[in-house]
Amino acid sequence: MRKYFLLPVILMILSLHKDSYGFDITGLQPTPPYGVFSTFSAESLPKGKVAFSTDAEILIEPDFYRFFFKTAYGITDAVEFNMTIPYIHKWADSVDGFEDIALGLKHRFFDEGKYGLSIAYILNASIPSGRDEFSTDGRFGGGLIVSKRVGPVKGHINFFYEEPGKGSLDEEIILGAGLDFAAAHNVKILAELYSKKSHDSKEFDSLEGRVGYRIKTTDLIYTTLGAGFDLKNRGPEYRIMFSVTFLLPSEKKTIKRVYEEE
């Protein structure tokens, strides 16, 4: 039964939203490999480890580029600090600028064990640092993350609620469901459904399907490539995603030597 714990959320996502259009605001994003694309995992960096990620997106209809700098730091084995800095370039009208910088604190308070789930929460806020076109004058909110491993597959469910800084805007609600499948020792296949009630809508107005893969290039580097497809007539219609993540410090491997007595 636990194999299908994503099904109720997926059905709920499919039934909630209506057609709409609006600008895609980023908000806090997971730093690979502890997430799918925008869906967080309850797993977090070990204490003292830090991750840096440089990301790029090409978005179609509306057409623009988005670049990210993301970082995460393991405060303890169960508490993680996250930061996302997005930058936008719209090539049609040559408009450039930063979105609001997003900060978050993730705490895993329940570990999976043999039969249970991993559960974490996030408290997040955004600094109003962006251009008016790309900003909500900051925001604050929180989210709940549930993760489960079944063999080579990990499933994740996210629920986020955020209040924008501009009083004229509506609250934002996000539902995400993601899977990562260990297809090989260093390769994971990724799939995600991501739905949002944006700050300029009264209803769930977007649903996007995303697929891709992540390669553990070295012990320190992860490379992720993916594509997103709009499923309910809200921009962007398509997106291509690429990221490279560095994890530091490297783990020291202990070399065991076996001596034979003569």
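The values are calculated or read from the model by the stated rules, or taken from the named source; none is laboratory data. These numbers come from a predicted model, not from an experiment. In this analysis, Cβ positions are derived from the backbone assuming ideal geometry, glycine residues included, and neighbour counts consider all displayed protein chains.
For the stretch 107-155, filtering for residues that are touching a strand residue (DSSP E or B) at 6+ places or on another chain (Cβ under 6 Å), closer than 21 Å to Glu171 by Cβ and not in a loop (DSSP other than H, G, I, E, B) leaves 15. One residue alone among Val258, Val244, Val187 is modelled with pLDDT of 95 or more, over 25 Å from Ala102 (Cβ atoms) and either out of contact with any Gly (no Cβ under 9 Å at 6 or more places or on another chain) or of a type in the set (Lys, Arg) (or both), and that residue is Val187. Does Pro164 satisfy the condition of being surrounded by 15 or more Cβ atoms within 10 Å (Cβ to Cβ) and over 22 Å from Val36 (Cα atoms)? Spelling it out, Pro164 is indeed surrounded by 15 or more Cβ atoms within 10 Å (Cβ to Cβ) and over 22 Å from Val36 (Cα atoms).
Residue-by-condition table, conditions (1) outside any strand (DSSP E or B); (2) buried (at least 17 other Cβ atoms within 10 Å of the Cβ):
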| residue | (1), (2) |
| --- | --- |
| Ile189 | no, no |
| Tyr194 | no, yes |
| His199 | yes, yes |
| Gly212 | no, yes |
| Ala227 | no, no |
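Residue-level check: of (1) surrounded by fewer than 18 Cβ atoms within 10 Å (Cβ to Cβ); (2) more than 15 Å from Phe242 (Cβ to Cβ); (3) polar (S, T, N, Q), Thr54 misses just (2).
Only residues that are crowded, with 16+ Cβ neighbours inside 10 Å, β-branched (Val, Ile, Thr) and more than 16 Å from the chain's Cα centre (by Cα) were counted in the stretch 76-101, giving 2. Take the conditions (1) in contact with a strand residue (DSSP E or B) (Cβ under 8 Å, 6 or more places away or on another chain); (2) among the charged types (D, E, K, R); (3) at pLDDT 95 or above; Asp77 misses just one of them, which is (1).
Residue-by-condition table, conditions (1) farther than 15 Å from Phe134 by Cβ; (2) out of contact with any Cys (no Cβ under 8 Å at 6 or more places or on another chain); (3) not acidic (Asp, Glu); (4) not in a loop (DSSP other than H, G, I, E, B):
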| site | (1), (2), (3), (4) |
| --- | --- |
| Gly27 | no, yes, yes, no |
| Ala42 | yes, yes, yes, no |
| Pro46 | yes, yes, yes, no |
| Asp55 | yes, yes, no, yes |
| Arg66 | no, yes, yes, yes |
| Lys70 | yes, yes, yes, yes |
| Tyr73 | yes, yes, yes, yes |
